[in-house]
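The values are calculated or read from the model by the stated rules, or taken from the named source; none is laboratory data. Since the structure is predicted, the reported quantities are computational estimates derived from the model, not experimental observations. A quick note on method: Cβ atoms are made from the backbone with ideal geometry, for glycine too, and the neighbour counts reach across all protein chains shown. The accessibility values were calculated without ligands, DNA or RNA, using every heavy atom of the protein model including side chains. Shrake-Rupley method; radii C 1.70, N 1.55, O 1.52, S 1.80 Å.
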Amino acid sequence: KNEVEQSPQNLTAQEGEFITINCSYSVGISALHWLQQHPGGGIVSLFMLSSGKKKHGRLIATINIQEKHSSLHITASHPRDSAVYICAVRGMEYGNKLVFGAGTILRVKS
Amino acid sequence: NAGVMQNPRHLVRRRGQEARLRCSPMKGHSHVYWYRQLPEEGLKFMVYLQKENIIDESGMPKERFSAEFPKEGPSILRIQQVVRGDSAAYFCASSPLADTEAFFGQGTRLTVV
């Protein structure tokens, strides 16, 4: 079992839809990151969370430390949101390195 | 303030050659991390360095791979005698402090032919 599990693996949505991507982890963490990667592109850090909720534009990230679960929400989705979304955790037993989920491939159709 | 700069963006090497990947962290960042993304796989940690020191190299293959982050200049990930299985995207990230948000570079895509 991977230490970081994401769901769904693949997601296709219509433009304008509300999107949720989930991340569950199995270890104690000091921080959780949501990252975005476009095909052939670099990696952009969207959020770093250790508790609660953060919002940036149409993106919202939440984390529940007790349940070891985080969600990334995209409101009013747009084709330019099409990318791979990756959850990564900095675990207390890992030191400062990140452990990554497999990623969620999002495609938003117009 | 420029972001994390990696070069080259694309690198082609023949089997047996050496590959040198460079990473210039963001200004003021003294912590550098290297990650590898194999084709159709997720990102995996390789090595964590702080100026002139290797802090954690638990993700580095035991042979042919080395990393450094000298007092002056970029961090270098060096792969000797490359093999086809080394073909991957190599990402560098940097942060100002150990527990703070890390920022990623555009990656170097290594192809071994």
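Tabulated data
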| read-out | value |
| --- | --- |
| More than 20 Å apart - percent of Cα-Cα pairs taken over chain B | 34 percent |
| Compactness of chain A as Cα Rg over 2.2 N^0.38 Å, two decimals | 1.02 |
| Buried accessible area, chains A and B (both chains, 1.4 Å probe, Å² to nearest 100) | 1500 Å² |
| Near-label residues of region A:15-33 by backbone N, under 12 Å of a point 7 Å along Cα→Cβ of A:Thr75 | A:18-19 |
| Inter-probe distance in nm under a simple model that places probes 7 Å from Cα toward Cβ, at A:Lys109 and B:Gln81 | 5.1 nm |
| Of the trypsin sites (Lys or Arg not before Pro) in region B:38-113, those whose Cβ has at most 16 other Cβ within 10 Å and which sit in DSSP loop | B:Lys51, B:Lys62, B:Arg64, B:Lys71 |
| Whole-Å semi-axes of the protein assembly as shown's equivalent ellipsoid (Cα gyration tensor) | 30, 20, 16 |
| Accessible-area composition of chain A, carbon plus sulfur, in percent [1.4 Å probe] | 49 percent |
| Computed lengthening from B:Arg14 to B:Ser66, 0.36 nm per intervening residue step minus Cα-Cα distance | 16.8 nm |
| Sulfur and carbon atoms: percent of accessible area, region B:57-96 [1.4 Å] | 46 percent |
| Surface/4 estimate of mean projected area, convex hull on alpha-carbon atoms of region A:61-100, nm² | 3.8 nm² |
| Complex-versus-alone comparison for region A:61-103, residues with a loss of 30 Å² or more in accessible area, probe 1.4 Å | A:Arg90, A:Asn96, A:Lys97, A:Leu98, A:Phe100 |
| Residues in region A:78-110 that a label on A:Gln9 would reach, taking backbone N under 17 Å of a point 7 Å out along Cα→Cβ | A:84-87, A:101-107 |
| Solvent-accessible area per residue, Å², over chain A with all protein chains present [probe radius 1.4 Å] | 47 Å² |
